[in-house]
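What follows is a short report on a single structure.
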Amino acid sequence: MSSYQELTARQRIPAIFDPGSFEEFLPPGERVASPHLAQLDAPVSFDDGVVVGRGKLDGKLVFGAAQEGGFMGGAVGEVHGAKLVGMLRRAIDEHAHAVLLLLESGGVRLHEANAGLIAVSEVMRAMLDVRAAGIPVVAVVGGANGCFGGMGIAARCANTVIMSEEGRLAMSGPEVIETANGVEEFDSRDRALVWRTTGGKHRYLLGDCQVLVAGESQAFRAAAIAAIAELRGGEVRLTLEGLLAEQAMLARRLRDADGLKEPMEVWRQLGVPEPARVPMLEADAFLDMAAQYRATSGD
């Protein structure tokens with residue numbers, strides 16, 4: 001099986017979608033690249049670091065995007081964001097079965113900060129418009145660069161977030177936190193700490209990630225198909241009740257984690273048995289453990 005993390009954006013699309021079914025919008029041959037980067041004599045990419053289009057997933061019409069972590073860490077600029085927004089709006093117009101976002105991004109490009117920030121806000125609004133139209137949105141996070149900054153927020157606008165243990169999801173990246181608050185606050189060189197704090201297992205235990213899989217591409221594909229099928233059978237629109245429940249969950253999280261400095265302390269507070277074992281568990285064993293503790297705690 002192929003490792004999802006090791007694939008490029010253009011390799012992930014055929015690994016997840018049905019073979020030969022994906023039609024790309026604005027491919028590299030169209031040469032739609034960021035004008036801001038060219039003005040700064042910075043390297044450009046003719047797809048601006050994101051693949052967008054539509055294809056079949058398990059035979060269903062699914063619109064999708066894949067961010068290229070190898071180009072500026074998947075960071076969002078004006079054109080990059082506009083391609084995402086255009087795809088999302090077209091998904092509504094064509095009554096897509098679902099939208100699948102393969103996210104890998106460090107956030108907004110510093111080269112085009114204001115344009116990038118506006119682009120991310122438009123992406124989030126478009127994602128919520130897709131949900132308002134009754135179309136499920138599923139986000140996948142499993143790339144080496146993780147999903148941080150504005151795209152970390154955008155990921156949580158999806159109905160379902162699927163992650164691997166190697167995937168990382170957060171607002172501020174480890175280096176950003178260290179730069180702003182010092183190594184005493186967060187040591188970005190402590191890779192074990194970084195993964196305990198932002199990795200898939202931690203996000204799953206906190207409820208930010210609804211599905212955790214092993215790192216193979218086929219595991220992500222199967223999880224995406226299952227998640228979309230489940231969502232199509234329920235309510236995908238954002239409701240006031242859902243927002244209130246989310247707010248209550250966040251309030252509980254702040255209260256329960258008050259004064260705690262280390263993710264293992266948070267896991268212990270949640271009722272996870274033997275939290276020191278969590279980083280060493282394979283995905284299946286971890287999910288079995290999580291199911292047992294949730295059954296015991298009533299979550």
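The values are calculated or read from the model by the stated rules, or taken from the named source; none is laboratory data. This is a predicted model, so every value here is computed, not measured. Note: ideal-geometry Cβ built from the backbone for every residue, glycine included; neighbour counts use all protein chains shown. For accessibility, only protein heavy atoms count, side chains too; no ligands or nucleic acids. Shrake-Rupley method; radii C 1.70, N 1.55, O 1.52, S 1.80 Å.
Considering only the stretch 22-36, I want to know if a residue exists there that is of a type in the set (Lys, Arg) and free of Cβ contacts under 8 Å to residues at least 24 places away in the same chain. The answer is yes, given that some residue of the stretch 22-36 is of a type in the set (Lys, Arg) and free of Cβ contacts under 8 Å to residues at least 24 places away in the same chain. Residues in the stretch 9-32 that are closer than 18 Å to His80 by Cα, part of a helix (DSSP H, G or I) and out of contact with any Leu (no Cβ under 9 Å at 6 or more places or on another chain) were compared, and the one that is modelled with the highest pLDDT is Arg10.
Here Leu287 fits the description: part of a helix (DSSP H, G or I), open to solvent by less than 50 Å² (accessible area, probe 1.4 Å) and among the hydrophobic types (A, V, I, L, M, F, W, C). Residue count for the stretch 111-142 satisfying the condition of being under 17 Å from Gly69 (Cβ atoms) and under 9 Å from the mean Cα position of the chain (by Cα): 4.
Of all residues in the stretch 136-176, those being closer than 26 Å to Gly233 by Cα and open to solvent by 10 Å² or more (accessible area, probe 1.4 Å) number 5. Given the conditions (1) touching a helix residue (DSSP H, G or I) at 6+ places or on another chain (Cβ under 9 Å); (2) surrounded by 12 or more Cβ atoms within 10 Å (Cβ to Cβ), report the number of the one that Ala276 does not fulfil. Result: Ala276 passes all but (2). Within the stretch 228-236, is even one residue of a type in the set (Val, Ile, Thr), part of a helix (DSSP H, G or I) and over 22 Å from the mean Cα position of the chain (by Cα)? Among the residues of the stretch 228-236, not one is of a type in the set (Val, Ile, Thr), part of a helix (DSSP H, G or I) and over 22 Å from the mean Cα position of the chain (by Cα), which makes the answer no. For the stretch 2-32, which positions are within 21 Å of the chain's Cα centre (by Cα), open to solvent by 60 Å² or more (accessible area, probe 1.4 Å) and of a type outside the set (D, E, K, R)? Passing the criteria: Gln5, Gln11, Pro14. The set of residues in the stretch 171-212 that are more than 15 Å from Gly142 (Cβ to Cβ) and among the aliphatic types (A, V, I, L, M) comprises Met171, Val176, Ile177, Ala180, Val183, Ala192, Leu193, Val194, Leu205, Leu206.
Within the stretch 191-231, being open to solvent by 30 Å² or more (accessible area, probe 1.4 Å), in contact with a helix residue (DSSP H, G or I) (Cβ under 7 Å, 6 or more places away or on another chain) and over 27 Å from Glu175 (Cα atoms) holds for Glu216, Arg221. Of the residues making up the stretch 251-273, those that are open to solvent by 50 Å² or more (accessible area, probe 1.4 Å), assigned to a loop (DSSP other than H, G, I, E, B) and of a type in the set (D, E, K, R) are Asp258, Lys261. Scanning the stretch 62-116 for residues that are closer than 23 Å to Asn159 by Cβ, assigned to a loop (DSSP other than H, G, I, E, B) and open to solvent by less than 40 Å² (accessible area, probe 1.4 Å) returns Ala96, Glu104, Gly107.
Could you list, in sequence order, all residues of the stretch 33-55 that are open to solvent by 50 Å² or more (accessible area, probe 1.4 Å) and part of a loop (DSSP other than H, G, I, E, B)? Answer for the stretch 33-55, where residues must be open to solvent by 50 Å² or more (accessible area, probe 1.4 Å) and part of a loop (DSSP other than H, G, I, E, B): Leu40, Asp41, Pro43, Val44, Phe46.
Looking across the stretch 117-134, the residues that are open to solvent by 10 Å² or more (accessible area, probe 1.4 Å) and under 17 Å from Ala96 (Cα atoms) come down to Leu128, Asp129, Arg131, Ala132, Ala133, Gly134. Would you please name the residue that is farthest from the chain's Cα centre (by Cα), looking only at residues in the stretch 33-65 that are at pLDDT 95 or above and aliphatic (A, V, I, L, M)? This residue is Leu61.
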